[in-house]
Amino acid sequence: MKKQQVYAAVIGGGASGMMCAIRAAERHHDQKIVILEKSDRVGKKLLVTGNGRCNLTHIGAGAESYHGDGSQQLINILFEKYGADSVLRFFRMLGLLTHTDSEGRVYPLSNQANSVLDVLRRRMAQLHIDELCNADIQSIQKAAEGYEIVTTDTRLIAKKLVIASGGKADYAGRESGSRELMRSLGLNMSKLSPSLSPVSVKSDLLRSLKGVRALAQVSLIKNGKAVKAERGEVQFAENALSGICVFNLSREANVGGCEISLDLLPDFTEEQINKEITKRISENQNAPASEIFTGMFHKNLGLALLKASGIKPSTICKEISDKEIKALCRHVCDWRFPCTENRDFKKAQVTAGGVRLSEIDPYTFESKRHKGLYIIGEALDVDGDCGGYNLQFAFASGMCAGDRL
């Protein structure tokens, strides 16, 4: 087994790990920095972010868009120096051109995620940062010289160690075992759950709606009260609801015990909806109920609303009772779907939970227990909303730790 001594070992070749290694190498030109990545190449998850376009940050990123115990205090401290403007300046120095959309999301001008990865890898090559891919880490333990990291074929002795191993879902369909890695160091962790993912719900009607999309106001209902709401396009799946607006509710919804409410006409009051449906019924008394929503919703969505309201699509409009009209209006503006617990990390963009923030110094990301150990990115109990917030945190935390190695 090869033995190698390095100044710093970064476990994880994702966004935070690559950024941290670059910033550290820029400060320590004469020191050896190495990245250990268990996949066959670094940056794989980066390539699938933003549907392959890489939404690398959000110009309005602030503490209100992050979750996790103590995350808002940490974000306030971190973004004071490493906000979106700092991240964009860094990438501009690497030669990356970007554009910002009307919502504040920032993408590479090429609209290709590989442009972001290419400039990072070029900079790592310029700084002679080693990439040890297919690294299967067997153990990590404290050593007199720092930390000993043992893989199947290498024994590294590192003065500084950075954990940037991501969450449980490390990229497009593959689950990570990083939890065991952190546990071996005695780090205190919160429970992991999938976030920015579809929300599993109970409904016999979803199969008929598979693939249908609809604009809606989506609310998370807990104990009968709406606790969070998002507006956007909902995508119906066989056993789940999806879409960015649903993703932003998934952190809380995925634990189950709550409901998702869809308001399919959020710009109309219930009274206005009642008048519209009543008008359609009175003007088409001899038509089947299946035609009520023609020109309003997707045909399958209209049929599902009728069934949810207890109305057979074949019912003649003039036979629909006032009680049934009221039920139909209620489903249009407040269609409830009970959420079930979701433990499918393979469909999650990020992982909620991780190393508790009380374990690290918020100004350096160094462990309070172990000197020379740093924890960054998704390995921490911080997760952001959809729209570039998670990559912003990954890059910012990597910059902060790298500047202090």
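The values are calculated or read from the model by the stated rules, or taken from the named source; none is laboratory data. In this text, all values refer to a predicted model and were calculated from it rather than measured experimentally. Cβ: placed from backbone, ideal geometry, glycine included. Neighbour counts: every protein chain shown. The accessibility values were calculated without ligands, DNA or RNA, using every heavy atom of the protein model including side chains. Shrake-Rupley method; radii C 1.70, N 1.55, O 1.52, S 1.80 Å.
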What are the pairs with Cβ atoms under 7 angstrom where one residue, in segment 119-143, is small (Gly, Ala, Ser) and the other, located anywhere, is crowded, with 19+ Cβ neighbours inside 10 Å? Sequence gap at least six, or different chains.
Ala135/Leu36; Ala135/Glu37; Ala135/Lys38
Going through segment 194-218 in order, the residues found to be within 24 Å of Ala352 (Cβ to Cβ), open to solvent by 20 Å² or more (accessible area, probe 1.4 Å) and assigned to a strand (DSSP E or B) are Ser200, Gln217
Given Pro362, Pro313, Pro338, which one is touching an Asp or Glu at 6+ places or on another chain (Cβ under 6 Å) and modelled with pLDDT of 95 or more?
Pro338
When you look at Arg280, is it open to solvent by less than 70 Å² (accessible area, probe 1.4 Å), modelled with pLDDT of 95 or more and of a type in the set (Lys, Arg), yes or no?
yes
Within segment 313-354, residues closer than 30 Å to Ile376 by Cα, open to solvent by less than 90 Å² (accessible area, probe 1.4 Å) and either small (Gly, Ala, Ser) or not in a helix (DSSP H, G or I) (or both) come out as Asn342, Asp344, Ala348, Gln349, Val350, Thr351, Ala352, Gly353, Gly354
Filter segment 87-113 for residues that are loosely packed, with under 15 Cβ neighbours inside 10 Å and part of a helix (DSSP H, G or I) and give the result.
Arg89, Arg92, Met93
In this structure, is Glu175 exposed (fewer than 14 other Cβ atoms within 10 Å of the Cβ) and either at pLDDT below 95 or touching a helix residue (DSSP H, G or I) at 6+ places or on another chain (Cβ under 6 Å) (or both)?
no
Output the residues belonging to segment 45-59 that are surrounded by fewer than 19 Cβ atoms within 10 Å (Cβ to Cβ) and either part of a loop (DSSP other than H, G, I, E, B) or in contact with a strand residue (DSSP E or B) (Cβ under 7 Å, 6 or more places away or on another chain) (or both).
Val48, Arg53, Ile59
Just a yes or no: is a residue in segment 355-365 within 12 Å of the chain's Cα centre (by Cα) and assigned to a loop (DSSP other than H, G, I, E, B)?
no
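Being free of Cβ contacts under 8 Å to residues at least 24 places away in the same chain and out of contact with any strand residue (DSSP E or B) (no Cβ under 8 Å at 6 or more places or on another chain) is the filter here; which residues of segment 60-76 pass it?
Hits for segment 60-76 are Gly62, Ala63, Glu64, Asn76.
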Any hit, segment 332-342, residues being β-branched (Val, Ile, Thr) and within 22 Å of the chain's Cα centre (by Cα):
yes
With respect to Gly310, is the statement that it is small (Gly, Ala, Ser) and either open to solvent by less than 40 Å² (accessible area, probe 1.4 Å) or part of a helix (DSSP H, G or I) (or both) true?
no
